[in-house]
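One structure below.
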Amino acid sequence: MFLSRVHFKKDTLFELARIALPMVVSQGTFAVMIFTDRYFMSQIDSVHMAAALGGGVAAFFSFCFFTGLLSYANALTAQYLGAGELAKCSKVVTQGIVITIMCSPFLVIITYFVSGIFENVGHDPIQVELEKTYYVILMLGVIITLTKTCLSSYFAGIGRTRVVMICDVCGLLFNVPLCYVMVFGKIGLPALGIVGAGVSTIIASLFACILFIVFYLRREHRDKFSVMSSFQIDWGVLRRFWRLGFPSGLELFLNVAAFNLFLLMFQGYGIVEGASAAIVFNWDLLSFVPMIGLNIGVISLIGRFVGANDMARTDEVMSAGFFLGIVYSAILAVLYITFRFPLVEVFSPPEGDFSEIRDLSAFMMIGLSSYVIADAMIIITGGVLRGAGDTRWLMYASVGLHWAMLIAQYYVILVWEFGPRVSWLTFCAMIFAIAIVYIWRLQNGVWRDPERLKLVMNE
């Protein structure tokens with residue numbers, strides 16, 4: 001059993017931190033880029049800010065399946081690296097781009113149908129036009145976004161996460177001033193508003209993507225990973241990519257759908273409840289963003305050691321991952337409980353009655369303090385299982401549990417009308433339930449069975 005093998009090893013901890021910390025910064029740049037767009041839109045008016053939120057969420061939802069699919073390039077590259085098949089590491093990138101091209105017609109169809117949905121959700125006509133514009137612009141750049149995903153996942157897979165950090169930080173530093181100039185019409189350019197926000201995001205993504213390509217074509221990659229001979233279809237790698245990556249993509253898509261539907265139902269309670277949820281989930285980013293960085297690091301190292309058939313090192317990575325994740329989330333939990341009222345009041349408006357929102361948000365912060373630990377366990381365990389290629393089980397378990405939570409929330413909120421506090425406690429309980437199921441999978445050891453791992457590595 002896993003718990004009987006848990007042990008701490010300092011060098012593995014440092015290796016995991018070395019890979020994970022740059023990814024934490026990289027994930028943070030994404031959050032800052034989104035914040036920048038929405039902040040600049042808020043300086044125009046509230047309609048523009050709402051449109052940026054609606055259009056941005058719709059865009060992410062439209063291509064999140066493909067992001068989840070192509071992100072599996074991290075585990076795939078790491079597995080080939082561990083197995084000593086270095087030439088196939090670069091072939092993963094090529095096959096990812098092939099998959100992106102193959103999926104392009106579906107992305108066009110999705111864009112066409114989703115762009116027509118905004119008119120049917122009861123938004124103001126002016127907001128609808130702004131949402132559609134912003135959404136379509138972001139979708140026009142989706143090929144760049146997905147190509148960048150392939151390249152960043154490759155570098156994560158070979159353990160060069162510093163490259164990912166450099167490219168994403170440079171993209172952010174390019175995006176912020178460009179967005180400002182294009183939105184408000186500075187240095188002689190016309191004020192493009194939300195169009196400028198969308199276009200600047202695409203240009204910044206292209207800039208970051210070009211930086212990735214420059215790093216990718218450097219001599220060390222050409223010599224070690226045979227990059228220049230990788231530009232061809234490798235049906236074996238392509239089949240593995242699709243077979244193992246498809247469940248990850250579908251899992252992300254369906255889980256995002258379930259979570260967004262839950263938020264819509266919870267916001268249906270009213271303005272107080274919607275504002276409280278926004279406040280709490282803003283603070284949740286302090287946990288979620290670093291944990292995603294750690295998750296990427298775990299996937300990379302687990303994939304490498306699974307490829308090398310070194311299961312003793314996978315145990316060390318698991319121990320290090322749980323140590324970092326639980327210690328960090330436990331510190332946050334204490335801070336969330338102790339300072340829940342001051343943290344909530346950061347979002348207090350200068351005028352108006354904030355008492356109801358403050359009280360509900362503070363109650364929800366208590367729940368947040370407990371579930372961040374469970375969430376850390378989910379993210380670390382998911383990284384282990386994903387790195388080991390156990391993606392089909394993850395898809396079934398994760399999707400099943402998330403939609404079970406959604407059904408439970410439907411009854412709590414809409415049928416039984418128990419109120420927001422019961423709904424929030426139900427949400428926290430379901431997060432714990434998911435963590436328990438994930439740990440059980442880790443404990444039973446099926447994912448590490450030698451015969452199953454052979455099938456994972458087979459092309």
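The values are calculated or read from the model by the stated rules, or taken from the named source; none is laboratory data. Keep in mind that what you see is a predicted model, and the values were worked out from it rather than measured. Neighbour counts are summed over all protein chains in view; Cβ atoms, including those assigned to glycine, are modelled from backbone coordinates with ideal geometry.
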Problem - Those residues of region 380-405 which are under 15 Å from Ala75 (Cβ atoms) and among the β-branched types (Val, Ile, Thr), in sequence order - result: Ile380, Thr381, Val384, Thr391
Practice task
Only residues in region 189-200 that are of a type in the set (Ser, Thr, Tyr) count as the first member; pair them with residues that are modelled with pLDDT of 90 or more, Cβ under 7 angstrom, at least 6 apart or cross-chain, and list the lot.
Solution key: Ser200/Asn175; Ser200/Leu178; Ser200/Cys179; Ser200/Met182
Handout entry: Criterion violated by Arg219 - all others in (1) crowded, with 19+ Cβ neighbours inside 10 Å; (2) without any contact (Cβ under 8 Å) to a residue 40 or more places away in the chain; (3) over 30 Å from Lys132 (Cβ atoms) satisfied
Key = (1)
Practice task
Give Phe322, Phe339, Phe305 a once-over and let me know the one that is surrounded by fewer than 20 Cβ atoms within 10 Å (Cβ to Cβ) and aromatic (Phe, Trp, Tyr).
Solution key: Phe339
Problem - Leading residue by the ranking (surrounded by the most Cβ atoms within 10 Å (Cβ to Cβ)) among those in region 66-91 that are touching an Asp or Glu at 6+ places or on another chain (Cβ under 9 Å) and farther than 15 Å from Val456 by Cα - result: Lys91
Problem - Filter result for Lys186 (surrounded by fewer than 20 Cβ atoms within 10 Å (Cβ to Cβ), out of contact with any strand residue (DSSP E or B) (no Cβ under 6 Å at 6 or more places or on another chain) and at pLDDT below 90) - result: yes
Handout entry: Residue within region 76-95 that is out of contact with any strand residue (DSSP E or B) (no Cβ under 9 Å at 6 or more places or on another chain), at pLDDT 85 or above, of a type in the set (S, T, N, Q) and over 30 Å from Arg222 (Cα atoms) present
Key = no
Exercise for the section: State whether one or more residues within region 17-34 are in contact with a helix residue (DSSP H, G or I) (Cβ under 6 Å, 6 or more places away or on another chain) and of a type in the set (Lys, Arg). Expected result: no
Practice task
Determine whether region 386-399 contains at least one residue that is over 30 Å from Lys454 (Cβ atoms) and either among the acidic types (Asp, Glu) or surrounded by fewer than 23 Cβ atoms within 10 Å (Cβ to Cβ) (or both).
Solution key: no
Handout entry: Tally of residues being crowded, with 21+ Cβ neighbours inside 10 Å and hydrophobic (A, V, I, L, M, F, W, C) across region 129-175
Key = 14
Practice task
Taking the residues in region 234-293 that are of a type in the set (S, T, N, Q) and closer than 20 Å to Leu343 by Cβ as candidates, determine which candidate is nearest to the chain's Cα centre (by Cα).
Solution key: Ser287
Practice task
Evaluate the following for Gly55: is it surrounded by 20 or more Cβ atoms within 10 Å (Cβ to Cβ), touching a residue at least 60 places away in the same chain (Cβ under 8 Å), farther than 21 Å from Leu172 by Cβ and of a type in the set (Gly, Ala, Ser)?
Solution key: no
Completion exercise
Gly245 meets each of (1) outside any loop (DSSP other than H, G, I, E, B); (2) in contact with a Ser or Thr (Cβ under 6 Å, 6 or more places away or on another chain) with one exception, condition (2)
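Table: residues versus (1) within 21 Å of Arg386 (Cβ to Cβ); (2) among the small types (Gly, Ala, Ser); (3) out of contact with any Leu (no Cβ under 8 Å at 6 or more places or on another chain).
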position: Ser104; (1), (2), (3): no, yes, yes
position: Tyr112; (1), (2), (3): no, no, yes
position: Gly116; (1), (2), (3): no, yes, yes
position: Glu119; (1), (2), (3): no, no, yes
position: Leu130; (1), (2), (3): no, no, yes
position: Tyr134; (1), (2), (3): no, no, yes
position: Cys167; (1), (2), (3): no, no, no
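Every residue, every condition in (1) part of a helix (DSSP H, G or I); (2) at pLDDT below 80, yes or no:
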residue: Leu3; (1), (2): yes, yes
residue: His7; (1), (2): no, yes
residue: Leu16; (1), (2): yes, no
residue: Met23; (1), (2): yes, no
residue: Thr29; (1), (2): yes, no
residue: Met41; (1), (2): yes, no
residue: Val57; (1), (2): yes, no
Problem - Any pair with Cβ under 7 angstrom, 6 or more apart, that starts in region 247-274 at a residue that is farther than 14 Å from Leu414 by Cβ and ends at one that is among the basic types (Lys, Arg) - result: Pro247/Arg392; Ser248/Arg386
